[in-house]
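To start, the structure under review is shown below, and the notes come after it.
The values are calculated or read from the model by the stated rules, or taken from the named source; none is laboratory data. These numbers were taken from a predicted model, which means no experiment stands behind them. Here the Cβ positions follow ideal geometry from the backbone for every residue, glycine too, while neighbour counts run over all protein chains shown. Calculation scope for accessible area: heavy atoms of the full protein, side chains included, ligands and nucleic acids excluded. Shrake-Rupley method; radii C 1.70, N 1.55, O 1.52, S 1.80 Å.
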Amino acid sequence: MTDDDAFRREIRDWLAAELTDEVRGTGGVGRENQAFGQRLAFTRRLAAAGWSTLAWPVAHGGRGASLSQQVIFHEEYARAGAPSRVDHIGTTMVGPTLIDLGTPEQQRRFLPALAAVEELWCQGYSEPGAGSDLAGVTTRARLDGDRWVLTGQKVWTSLAHVADWCFVLARTAPAPAGGPRSAGLSYLLVPMRQPGITVRPIRQLTGDSEFNEVFFDDAVTEAGLVVGEPGQGWRVAMATLAYERGAATVGQQIGFQRDLDDLVAVARSTGATADPVLRERLTRAWLDLTVLRTHTLRVLREPPPAASSVIKLLWTRWRQGLGELAMDVLAHGDADPAAVQRWQTYFLFSRADTIYGGSNEIQRGIVAERVLGLPRQARG
Ligand SMILES: Cc1cc2nc3c(=O)[nH]c(=O)nc-3n(C[C@H](O)[C@H](O)[C@H](O)COP(=O)(O)OP(=O)(O)OC[C@H]3O[C@@H](n4cnc5c(N)ncnc54)[C@H](O)[C@@H]3O)c2cc1C
């Protein structure tokens, strides 16, 4: 048995022992609030067993797992139908950022609680006037003695309603005349539960509220909770985005396979499989997913330029396509009401896939510049 086989056996055994029906299959696309307390408890058990910080270096409390072990973990996790995790923003975004760019003091303060999923995080980048054009953020922070004082507004802040901390991109100095607009921005770690912060949930197309508006009215954080030098937070903010993707993509695609299998089952139940057009579209969805998975596994080890942009463009198109196909399958006959509800949420939420994490227009811009070598787009 190879080391990887033994590793696969270990995670499989752990999941077989720990995964209960209460959490199996919960969370996921458009269902971030579903069984939240149970999923949090499960994620904490996962953390206690050392699985949630698999990719972190051993020196920082992780397992230092190889890429192939990370892929195996995500494959097994998705195959078992384990719940969607609630620690994603903490363990895959801010944790690795602090490991690479945080001070030893920040690492001591935050990494153990992140690894144990004792503190939940949210990402405070986007604002009403700054999304794709992130350097345009206008939330301000000024140093007042031993603390930063923040004023401004963030928007679309996922999970802010349950988060203990937020990493906030804020302007702490004016951009230098003739210099880049991103200069003068800082990356601050801000406690969410304080009088200066108001979190207002936004009702989504699905009827649920997974993201929020966040208002800072003289909110405070300690002077030492700036990551990187004050005014040089742009580099830190970009580093955080780079950690967001990776081996977890493989697990996501196994989830896609299960979605497709489920839709095929619905199509059988409604008789939609007799429709030649729907049969062809189901088959094409399977083919496209096979190509996507093969491509992802091929480029994961040595990503070519703009690899994560290409993968995002491919998977978002795939998932939106499956949502649209599901609507046509449901229109074919009477499906089980639970299936109707599930696929309507899937269809509606998938509209967001091409917006968050960098919109598809922005991803195509990255491909145009880094792969095709086209001239840089003029920026305002
Ligand atoms: C489900 C969901 C969760 C989110 N979670 C978070 C979160 O937790 N934290 C956070 O900070 N943000 C979050 N966001 C916000 C997300 O990052 C922004 O929505 C995204 O960056 C786009 O910004 P915008 O909405 O302001 O649109 P805009 O930037 O105003 O874009 C509007 C349209 O113009 C297009 N466009 C803009 N610039 C260009 C260009 N240069 N070239 C071509 N086309 C362009 C865009 O592609 C888009 O179609 C979330 C969004 C969604 C939908």
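Picking from residues in segment 352-372 that are of a type in the set (D, E, K, R) and more than 6 Å from the ligand (Cβ to nearest atom), the one that is nearest to the chain's Cα centre (by Cα) is D353.
From the list E32, E75, the one residue that fits, being in a helix (DSSP H, G or I), at pLDDT below 95 and charged (D, E, K, R), is E75.
Residues that are within 28 Å of T157 (Cα to Cα) and in contact with a Cys (Cβ under 7 Å, 6 or more places away or on another chain) do not occur anywhere in segment 60-75.
Every condition in (1) surrounded by fewer than 17 Cβ atoms within 10 Å (Cβ to Cβ); (2) over 29 Å from R293 (Cα atoms) holds for R79 except the one numbered (2).
For segment 196-209, name all the residues that are out of contact with any strand residue (DSSP E or B) (no Cβ under 6 Å at 6 or more places or on another chain), without any contact (Cβ under 8 Å) to a residue 40 or more places away in the chain and surrounded by 17 or more Cβ atoms within 10 Å (Cβ to Cβ). Explain how you work it out, then say what you get.
Step one: list which residues in segment 196-209 are out of contact with any strand residue (DSSP E or B) (no Cβ under 6 Å at 6 or more places or on another chain), which gives 203-208.
Okay, now just the ones that are also without any contact (Cβ under 8 Å) to a residue 40 or more places away in the chain, so 203, 207.
Once the filter is applied, which keeps residues that are out of contact with any strand residue (DSSP E or B) (no Cβ under 6 Å at 6 or more places or on another chain), without any contact (Cβ under 8 Å) to a residue 40 or more places away in the chain and surrounded by 17 or more Cβ atoms within 10 Å (Cβ to Cβ), segment 196-209 yields nothing.
Here Q257 passes the criteria (1) out of contact with any Asp or Glu (no Cβ under 8 Å at 6 or more places or on another chain); (2) buried (at least 18 other Cβ atoms within 10 Å of the Cβ); (3) part of a helix (DSSP H, G or I) except the one numbered (2). Looking only at segment 210-223, residues that are within 16 Å of the ligand (Cβ to nearest atom) and open to solvent by 30 Å² or more (accessible area, probe 1.4 Å) come to 3 in all. With respect to A307, is the statement that it is more than 16 Å from the ligand (Cβ to nearest atom), under 24 Å from Y125 (Cβ atoms) and in the same structural domain as V266 (by the TED database) true? Answer is yes for this residue. You will find that of T249, T198, the residue that is under 24 Å from the mean Cα position of the chain (by Cα), closer than 17 Å to W165 by Cα and not aromatic (F, W, Y) is T198 and no other.
Does any residue of segment 201-219 turn out to be among the aromatic types (F, W, Y) and within 23 Å of R235 (Cβ to Cβ)?
Just the residues of segment 201-219 that are among the aromatic types (F, W, Y), to begin with: 211, 215-216.
Next cut, within 23 Å of R235 (Cβ to Cβ) only: 216.
Yes - at least one qualifying residue is present in segment 201-219.
If I filter segment 13-24 down to residues being surrounded by fewer than 15 Cβ atoms within 10 Å (Cβ to Cβ) and in contact (Cβ under 8 Å) with a residue 24 or more places away in the chain, which single residue comes out as nearest to E76 (Cα to Cα)? Residue satisfying both the conditions and the ranking: A16. With a requirement of 2 or more residues that are buried (at least 19 other Cβ atoms within 10 Å of the Cβ), touching a Ser or Thr at 6+ places or on another chain (Cβ under 7 Å) and hydrophobic (A, V, I, L, M, F, W, C), the helices (runs of 4 or more DSSP H) lying completely within segment 288-380 that satisfy it span 307-331. In segment 212-228, the count of residues that are under 28 Å from K312 (Cβ atoms), β-branched (V, I, T) and in a strand (DSSP E or B) is one or more.
Given the condition within 16 Å of the ligand (Cβ to nearest atom), of a type in the set (D, E) and under 25 Å from Q38 (Cβ atoms), answer yes or no: does some residue in segment 82-93 qualify? Show your work before the answer.
Kept after step one, since they are within 16 Å of the ligand (Cβ to nearest atom), are these residues of segment 82-93: 84-93.
Those left that are additionally of a type in the set (D, E): 87.
Retained after the next criterion (residues that are under 25 Å from Q38 (Cβ atoms)): 87.
Yes, there is a match, as at least one residue in segment 82-93 is within 16 Å of the ligand (Cβ to nearest atom), of a type in the set (D, E) and under 25 Å from Q38 (Cβ atoms).
Collect the residues in segment 41-68 that are open to solvent by less than 40 Å² (accessible area, probe 1.4 Å), out of contact with any Ser or Thr (no Cβ under 9 Å at 6 or more places or on another chain) and either acidic (D, E) or in a helix (DSSP H, G or I) (or both), keeping them in residue-number order. Passing the criteria: only S68. Do we have any residue at all in segment 172-191 that's within 12 Å of the ligand (Cβ to nearest atom) and either of a type in the set (F, W, Y) or surrounded by fewer than 14 Cβ atoms within 10 Å (Cβ to Cβ) (or both)? The answer is no, given that none of the residues of segment 172-191 is within 12 Å of the ligand (Cβ to nearest atom) and either of a type in the set (F, W, Y) or surrounded by fewer than 14 Cβ atoms within 10 Å (Cβ to Cβ) (or both). Being in a helix (DSSP H, G or I), open to solvent by 60 Å² or more (accessible area, probe 1.4 Å) and not assigned by the TED database to the domain that holds R319 is a description that applies to R108.
Of the residues making up segment 333-351, not a single one is within 10 Å of the ligand (Cβ to nearest atom), of a type in the set (D, E, K, R) and free of Cβ contacts under 8 Å to residues at least 60 places away in the same chain. D21 meets the conditions (1) under 30 Å from Q204 (Cβ atoms); (2) part of a helix (DSSP H, G or I); (3) more than 24 Å from the chain's Cα centre (by Cα) in every case but one. The failed one is (2).
Quick check on my filter: what residues within segment 139-155 are open to solvent by less than 90 Å² (accessible area, probe 1.4 Å), more than 9 Å from the ligand (Cβ to nearest atom) and within 18 Å of I197 (Cα to Cα)? Within segment 139-155, T139, A141, D144, W148, V149, L150, T151, G152, Q153 meet the criteria.
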